[in-house]
Amino acid sequence: MFWIQLIVLLALILMGAQMKGIGLGIMGALGVLIYVYVFQLPVGSPPIDVMLIILCVVTAAASLQVSGGMDYLVSIAEKIIRSNPKSITFIGPLVTFFFTLLAGTAHISYSLLPIIAEVSAKTRVRPERPLSISVVAAHFGIVASPITAATVGMLTELNTIEGNTLGLVDIVKIVLPASIVGLFAGALAAHFMGKDLDKDPEFLKKMEDPEFRRLIDGATTETATKEFSKEAKRSVLLFLTGVAAIIVFGLFPQLRKMGMVETIELIMLSVVLLNVAFAKTAATAVAKSSIFRSGTEAVVSIFGVVWMSNTFIGANESLLNSMLQDVVSQHVWVFGIAVFVMAALLFSQAATVKAVMPLGIKLGILPPTLIAMYPAVCGDFFIPSYPTLVAAINFDKTGTTKVGKYLLNHSFMLPGLVMTLVTVLVGMLLSSIMLT
């Protein structure tokens with residue numbers, strides 16, 4: 001019966017991923033119904049903490065977008081990217097990584113990817129190189145950020161371990177430097193992908209078409225000269241102050257009057273309040289923004305799919321433990337592969353944390369090792385249907401960023417695998433030195 005239930009889980013995840021939007025959420029709800037009423041399993045717990053964190057952070061980011069602050073951040077990023085176009089394969093992903101880390105959402109990368117694509121094409125750097133690693137780097141910015149649902153979800157899982165003393169700061173001080181090392185390794189791998197544009201026969205053939213040449217070498221879309229209002233700049237300051245406050249409360253828990261999850265939620269909602277009060281942000285416009293709409297989609301998806309996963313894992317906990325205990329005790333890296341595979345299926349770092357990390361805790365994996373393996377939840381690049389991957393492909397006018405004939409041989413695979421592997425390995429090294 002276990003294997004039939006597992007097939008149901010994987011089939012519904014794949015079907016939901018194909019549906020896009022809230023597909024994972026509604027298929028997850030169907031899975032809960034099947035498990036409870038067909039297989040007679042006890043219902044699992046929905047991921048309430050993660051859902052609330054996403055809502056609060058997304059609402060804060062949406063207020064930043066409405067005030068013009070997000071565009072202001074993008075203009076700063078554009079100046080950095082254009083400052084050294086020949087090194088864009090390294091600068092592009094570094095910018096997307098840090099801007100995602102600060103904003104708490106990878107949605108900011110949608111504004112950066114067309115700039116990266118344009119700059120690389122004009123300087124004849126193969127756009128596939130910076131675009132592929134930039135998309136992956138944005139995903140890792142989520143796990144390195146102290147304000148995302150994935151990181152807070154990781155924190156809440158660690159807090160369930162009896163005697164654990166590791167907190168938010170411990171997660172960030174391992175994952176952040178490990179991700180930066182992994183980023184440069186992934187960028188180095190991307191740097192050698194494909195032929196340079198001026199040596200690529202396919203590109204040179206296309207350049208014979210005057211219309212295509214105008215498309216590549218035409219007018220720039222640079223927006224760095226745009227003037228931004230005081231309110232837009234003020235909203236950025238307010239948002240970053242909120243991020244800094246979260247870090248301070250993480251460093252000095254004695255300052256808190258509540259748990260870290262509640263602290264982050266309250267600070268992010270306070271940022272929205274301050275933006276409404278001091279940055280002329282209309283409260284009604286926040287709920288209509290593209291970031292807010294995307295965030296609510298994520299909440300519904302995570303609600304359903306994690307609820308389904310928790311129901312399946314909870315009902316089969318003893319069997320899973322007996323199957324994996326011996327293997328994981330001798331080869332702990334096997335659990336890291338399991339985390340990566342689930343991330344590739346769930347398309348969400350937060351959902352993967354809530355679905356898989358409790359199993360790792362039950363298997364007796366130590367907190368420092370779990371933290372080192374946490375970046376493996378960024379496996380959502382493996383199947384090339386995640387929105388940021390699709391966007392990068394569409395923004396590349398040269399056509400070098402693409403999905404291969406065999407689906408998995410796509411532009412993001414090599415830099416993604418390299419960055420994931422190096423980040424986890426460096427994380428293991430750092431956690432053995434800093435957390436034990």
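The values are calculated or read from the model by the stated rules, or taken from the named source; none is laboratory data. What you see is a predicted model; the values in this text were computed from it and never measured. Heads up, the Cβs are rebuilt from the backbone with ideal geometry, glycines too, and the neighbour counts pull from every protein chain shown.
Things worth noting here:
- Single residue of segment 395-436 satisfying the filter (in contact with a helix residue (DSSP H, G or I) (Cβ under 6 Å, 6 or more places away or on another chain) and aromatic (Phe, Trp, Tyr)) that is nearest to Val334 (Cα to Cα): Phe412
- Residue within segment 331-344 that is of a type in the set (A, V, I, L, M) and in contact with a Leu (Cβ under 7 Å, 6 or more places away or on another chain) present: no
- Scanning segment 49-96 for residues that are crowded, with 24+ Cβ neighbours inside 10 Å, closer than 18 Å to Ser132 by Cα and touching a residue at least 60 places away in the same chain (Cβ under 8 Å) yields a count of 2.
- The set of residues in segment 418-436 that are surrounded by 17 or more Cβ atoms within 10 Å (Cβ to Cβ), over 30 Å from Thr401 (Cα atoms) and aliphatic (A, V, I, L, M) comprises Met428, Leu430, Leu435.
- Here Gly68 fulfils each of the conditions (1) on the phi < 0 side of the Ramachandran plot; (2) modelled with pLDDT of 85 or more; (3) not basic (Lys, Arg) apart from (1).
- Qualifying residue in segment 160-169 (condition: within 28 Å of Ala60 (Cα to Cα), within 28 Å of the chain's Cα centre (by Cα) and assigned to a helix (DSSP H, G or I)): yes
- Some residue of segment 128-144 being at pLDDT 90 or above and of a type in the set (Lys, Arg): yes
- When segment 400-427 is filtered for residues that are in contact (Cβ under 8 Å) with a residue 60 or more places away in the chain and in a loop (DSSP other than H, G, I, E, B), the ones remaining, listed by number, are Thr400, Thr401, Lys402, Ser411, Phe412.
- You will find that of Thr296, Thr281, Thr241, the residue that is assigned to a loop (DSSP other than H, G, I, E, B) and under 29 Å from Leu112 (Cβ atoms) is Thr281 and no other.
- Within segment 51-76, being of a type in the set (A, V, I, L, M, F, W, C) and either more than 23 Å from Val286 (Cα to Cα) or in contact with a Ser or Thr (Cβ under 8 Å, 6 or more places away or on another chain) (or both) holds for Ile53, Leu55, Val57, Val58, Ala61, Ala62, Leu64, Val66, Met70, Val74.
- In segment 137-177, of all residues being of a type in the set (S, T, N, Q) and over 27 Å from Ile91 (Cα atoms), the one that is surrounded by the fewest Cβ atoms within 10 Å (Cβ to Cβ) corresponds to Thr165.
- Screening segment 370-399 for residues that are among the hydroxyl-bearing types (Ser, Thr, Tyr) and assigned to a helix (DSSP H, G or I) and picking the one that is surrounded by the fewest Cβ atoms within 10 Å (Cβ to Cβ) gives Thr388.
- The one condition in (1) of a type outside the set (Phe, Trp, Tyr); (2) in contact with a Ser or Thr (Cβ under 7 Å, 6 or more places away or on another chain); (3) over 30 Å from Glu208 (Cα atoms); (4) modelled with pLDDT of 85 or more that Leu346 fails to fulfil: (4)
- Residue match in segment 100-118 (condition: at pLDDT 90 or above, surrounded by fewer than 22 Cβ atoms within 10 Å (Cβ to Cβ) and not small (Gly, Ala, Ser)): no
- Given (1) among the small types (Gly, Ala, Ser); (2) buried (at least 20 other Cβ atoms within 10 Å of the Cβ); (3) within 23 Å of the chain's Cα centre (by Cα), index of the condition Ala287 fails: (2)
- Scanning segment 256-278 for residues being polar (S, T, N, Q) and either closer than 16 Å to Ala150 by Cα or outside any helix (DSSP H, G or I) (or both) gives a total of 1.
- Within segment 406-436, tally of residues that are closer than 20 Å to Phe184 by Cβ and of a type in the set (Phe, Trp, Tyr): 1
- Scope segment 338-369; condition among the hydrophobic types (A, V, I, L, M, F, W, C), surrounded by fewer than 24 Cβ atoms within 10 Å (Cβ to Cβ) and not in a helix (DSSP H, G or I); matching residues: Leu363, Ile365, Leu366
- Among the residues of segment 143-159, those that are in a loop (DSSP other than H, G, I, E, B) and either farther than 14 Å from Leu266 by Cα or aliphatic (A, V, I, L, M) (or both) comprise Ser145, Pro146, Ile147, Asn159.
- Qualifying residue in segment 191-213 (condition: among the aliphatic types (A, V, I, L, M), over 27 Å from Ser120 (Cβ atoms) and modelled with pLDDT of 85 or more): no
- Selection status of Pro415, over 27 Å from Thr156 (Cα atoms) and either crowded, with 23+ Cβ neighbours inside 10 Å or within 15 Å of the chain's Cα centre (by Cα) (or both): yes
- Any hit, segment 378-395, residues being hydrophobic (A, V, I, L, M, F, W, C), touching a residue at least 12 places away in the same chain (Cβ under 8 Å) and farther than 25 Å from Gly104 by Cα: no
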